[in-house]
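Each remark here refers to the structure printed beneath this line.
The values are calculated or read from the model by the stated rules, or taken from the named source; none is laboratory data. Model, not experiment: these values are computed from the prediction. Neighbour counts are summed over all protein chains in view; Cβ atoms, including those assigned to glycine, are modelled from backbone coordinates with ideal geometry. Note: areas computed on protein heavy atoms with side chains; ligands, DNA, RNA excluded. Shrake-Rupley method; radii C 1.70, N 1.55, O 1.52, S 1.80 Å.
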Amino acid sequence: RAVLRPADRVACLLAALCHDLDHPGVNNEFLVKSASPLTLEYPVPMVLEEHHWRLTKQVLAEAEVLRNLPKEEAEALLELIRSGIVSTYMGMHKAVVEGLRARAEAGRLSRSQSPAASDG
């Protein structure tokens, strides 16, 4: 069994490509402290990540990237992409790393245990 399904791979690729769309070169804390207009659009700690996500949805919709997928699959893929983008929020970094470490220690991330490991 592969570690990542094809949909997971596509989601990871798209999230990686889009995770910093329109990045202003400053962090969330700076935006909040400087009362940036972005903080009015996204009144959450993850101002930038929500902004990147909104732009990603716009780009994907305009390019009709998901047009051939059934609605349920497109929605699931979008949620995976959103999760990938929002997970770049540094306020969640420690929890994400600890979760990955726990999964790795439990053997749930080891490619050597997967038949896909020999796929090259």
Checked against (1) within 17 Å of residue 5 (Cα to Cα); (2) loosely packed, with under 13 Cβ neighbours inside 10 Å; (3) modelled with pLDDT of 90 or more, residue 116 satisfies every condition except (3)
What about residue 60, is it in contact with a helix residue (DSSP H, G or I) (Cβ under 7 Å, 6 or more places away or on another chain) and either over 26 Å from residue 5 (Cβ atoms) or not charged (D, E, K, R) (or both)? no
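Filter region 24-51 for residues that are charged (D, E, K, R) and either touching an Asp or Glu at 6+ places or on another chain (Cβ under 9 Å) or open to solvent by less than 80 Å² (accessible area, probe 1.4 Å) (or both) and give the result.
Matches in region 24-51: 41, 49, 50.
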Expected output for region 54-73 (first residue on the phi < 0 side of the Ramachandran plot, partner at pLDDT 95 or above and not hydrophobic (A, V, I, L, M, F, W, C), Cβ below 6 Å, 6+ apart or cross-chain) is 55/22
